[in-house]
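Shown next, in structure tokens, is the structure this report addresses.
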């Protein structure tokens, strides 16, 4: 090949690269929405965040709120043509009626409001295996589940622990399992996870993992449960890090208050907070599972929101170049 | 010094004093109501800051003494069944993750079959009130399914075929749905937000 031909080929290659660049860039950042799978109503603030416990008569804004409504947030992430979820909500309908839980709808129908088909969800990364975060796996038959091996180890440890009845994987107390070291894993949820494994639709993660280029799982062991995991997602507004219950509360991560501490090593929870600060450069882009201010101006990341079926809220957090708004 | 006036003067004075007293009382009451109203509106209402739920909350129907007694008697059975069911699931998970060999599946799961038999036997001794007889039947069905799952699952130790695990998982998941339903009805605080 003579020099002029070489130059022509190089020039053509560069031109082709330049044309292809926007497409590659579009796949490099993801679009992200948040869906409120349900809302736990009237939860005592102090039960969720001990530093925010209600003090009657107090005018201190940290202690003058008695109860809060906690959303159950699920992340919907689209990177190129890859559709994935972070967490998978829950579906115990009898429990809704009994406890006053409100605004629940099947997760598959909720994402349909965004124009997505449950069959197209290819990956579900669960922040941990609790029933309100891994409860709707069966609605997504084609999705591959990503769960930490450490999470399963932790459940099995608690399952076989020979000591006190309060230290269990499945609660032995009819009053619930709050404050026990490992609890919240009903057999239905475990069977769903096992079902994914049997169908070859599960990846048992051991620590860090890049799910697709730029989308990374970070372990946050004992930040809420034994095998909690975060998810880093590149977007047009910078990197987001989903925390599930490793950081349930955005105010908690902002103010360095622990939240939802049932199974938490509080130091590990703070390290998960720090991980989000390091990756995103602050606390604004940390996506929290149960922040009461979600879908309002009070939690700016989620303020671009609207109300969907059964009063459940949705938020459009970031759009990749070329991705159309799905806000109704 | 005139201490007392005439009878008519005294009557008029008493009437005036009474009128003044009643007036003062009325004014006082109005002032009291105004102060109370002001304090009521000025006082922070913490519940209203964050919650709009009370009006929407669905009240649970009252539980009868018979239902409560049944729930109390069922709880220890339920607690054990849940543990055993999850143990069965984890035997399968451990095997599929390569942590244990198939013989270990048998060792872990075989003892659960008599455990489910014991649970069924204990359940059969309970006398559910008519209002929850259907739930009782569903719980019995669940234990039967769990038992069947355990028997099916140990077959993997014989021939190593995953089909046994798949069949067992389907039975177990169905049973778990039933126990969850019963649990949600009888012990709504069984699982709290996590």
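Scattering from region B:65-186 was approximated by placing one identical point on each alpha carbon and applying the Debye formula without solvent; log10 I(q)/I(0) at 0.13, 0.15, 0.22 1/Å stands at -0.51, -0.64, -1.14. Put in order of Cβ neighbour count within 10 Å, fewest first, the listed residues A:132, A:28 become A:28, A:132.
Here each label is just a point 7 Å from Cα along the line to Cβ, and for residue B:167 and residue B:101 those points are 2.4 nm apart. Packing around the peptides B:89-100, A:265-276, taken as the average count of other Cβ atoms within 10 Å per residue, puts them in this order, highest first: B:89-100, A:265-276. Peptide A:191-204 is shielded by partner chain Cβ atoms: per residue, an average of 5 of them sit within 10 Å of its Cβ. Here the spin labels are modelled as points 7 Å beyond Cα on the Cα-Cβ line, and at residue A:309 and residue B:69 they lie 4.4 nm apart. For chain A, a Gaussian network of Cα nodes joined below 10 Å ranks A:107, A:152, A:85 by mean-square fluctuation, and the top entry is A:152.
Here the calculated FRET efficiency for residue A:81 and residue A:271, from their Cβ-Cβ distance with R0 = 30 Å, stands at 0.30, rounded to the nearest 0.05. Mean projection of the Cα convex hull over all viewing directions, computed for region A:177-328: 10.7 nm².
Pairs of Cα atoms in region A:56-145 fall into 10 Å distance bins, from 0 up to the last occupied one, in shares of 15, 42, 23, 13, 6, 0 percent. Take the Cα of residue A:153, step 7 Å toward its Cβ, do the same at residue B:126, and the gap between the two points is 3.7 nm. Calculate log10 I(q)/I(0) of chain A for q = 0.11, 0.12 Å⁻¹, where I(q) comes from the Debye formula with a single equal point scatterer on each Cα and nothing for solvent. One equal scatterer on each Cα of chain A leads to -0.67, -0.79.
Each value in this text was obtained by applying a stated rule to the coordinates, not by laboratory testing. Quick caveat, the model's predicted, so the values are computed rather than measured. Every residue, glycine as well, gets a Cβ built from its backbone with ideal geometry; the counts of neighbours run over all protein chains shown.
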